[in-house]
Amino acid sequence: MSDRIAKHLNALPPDAAPAALRRCCSAEPWVERMLAARPFGDDQQVFATAERLWWALDHADWREAFAQHPRIGEASRGDWERQEQSGVATAAAETRQALAEGNRVYERRFGHVFLVCATGRSADQMLAELRRRLANPPDQELRIAAAEQAKITRLRLEKLATP
């Protein structure tokens, strides 16, 4: 393993490191704790630390991270979101409409955006997942959304060091 992610994170100057980490996960306590954990010995330490710090956060911190994600099927805020949600770009109009309605129902039920690691998923797959998860109890769904955020964070950490 090249440990390119650890090397990249360790080399970031103090003024650039917080913004880079926020691209991966926008929960401010997570960003602060990741900064405090530097330097990282290798990529596995980066991933293990990111995961451990994520699960140590409280629910309000999780919701802070969720709030920075665009809804599935809505205009994304950056290149990474467009790539991650690329499965929606070619979806049928009725699927995009069903996602929009499903997002509204989900947010009313759970109080946060529907979060799914969209990388490699089609719009139909994401819609099916949204519909399935609507039946979850709120406490279970919060943990599922947090697990999805953890997956997204890992993928984005990998992207940080990609030219």
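The values are calculated or read from the model by the stated rules, or taken from the named source; none is laboratory data. Computed from a predicted model, the values in this text were never measured in an experiment. Cβ coordinates were reconstructed from backbone atoms using ideal geometry, including for glycine residues, and neighbour counts include every protein chain displayed.
Got a number for residues in region 128-163 being under 18 Å from the mean Cα position of the chain (by Cα) and not in a helix (DSSP H, G or I)?
The total comes to 2.
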Would you pick out the residues in region 119-163 that are among the acidic types (Asp, Glu), within 27 Å of residue 19 (Cβ to Cβ) and out of contact with any helix residue (DSSP H, G or I) (no Cβ under 8 Å at 6 or more places or on another chain)? 148
What are the pairs with Cβ atoms under 6 angstrom where one residue, in region 143-163, is within 9 Å of residue 115 (Cα to Cα) and touching a residue at least 12 places away in the same chain (Cβ under 8 Å) and the other, located anywhere, is crowded, with 18+ Cβ neighbours inside 10 Å and of a type in the set (Val, Ile, Thr)? Sequence gap at least six, or different chains. 148/116
Top-ranked residue in region 136-160 [being touching an Asp or Glu at 6+ places or on another chain (Cβ under 9 Å) and of a type in the set (A, V, I, L, M, F, W, C); ranked as farthest from residue 107 (Cα to Cα)]: 157
With the requirement that a residue be loosely packed, with under 12 Cβ neighbours inside 10 Å, part of a helix (DSSP H, G or I) and modelled with pLDDT under 80, what does region 70-115 give you? 79, 89
What number of residues within region 1-21 are in contact with a Phe, Trp or Tyr (Cβ under 9 Å, 6 or more places away or on another chain) and modelled with pLDDT of 95 or more? 6
Looking at the structure I just gave you, is residue 130 at pLDDT 95 or above and in contact with a Lys or Arg (Cβ under 9 Å, 6 or more places away or on another chain)? no
Test residue 118 against the criterion of being under 30 Å from residue 7 (Cβ atoms), surrounded by 17 or more Cβ atoms within 10 Å (Cβ to Cβ) and in contact with an Asp or Glu (Cβ under 6 Å, 6 or more places away or on another chain), and give yes or no. yes
Kindly provide the set of residues from region 85-105 that are under 17 Å from the mean Cα position of the chain (by Cα) and either among the small types (Gly, Ala, Ser) or farther than 24 Å from residue 156 by Cα (or both), ordered by number. 86, 87
Only one of (1) farther than 27 Å from residue 139 by Cβ; (2) crowded, with 17+ Cβ neighbours inside 10 Å; (3) without any contact (Cβ under 8 Å) to a residue 24 or more places away in the chain is not met by residue 6, so which one is it? (3)
Of the residues that make up region 135-151, is at least one over 29 Å from residue 46 (Cβ atoms), modelled with pLDDT of 95 or more and touching a Ser or Thr at 6+ places or on another chain (Cβ under 7 Å)? no
Could you look through region 40-77, keep only residues that are small (Gly, Ala, Ser) and in contact (Cβ under 8 Å) with a residue 24 or more places away in the chain, and pick out the one that is farthest from residue 8 (Cα to Cα)? 73
If a residue must be under 15 Å from residue 57 (Cβ atoms) and of a type in the set (S, T, N, Q), how many such residues does region 138-155 contain? 2
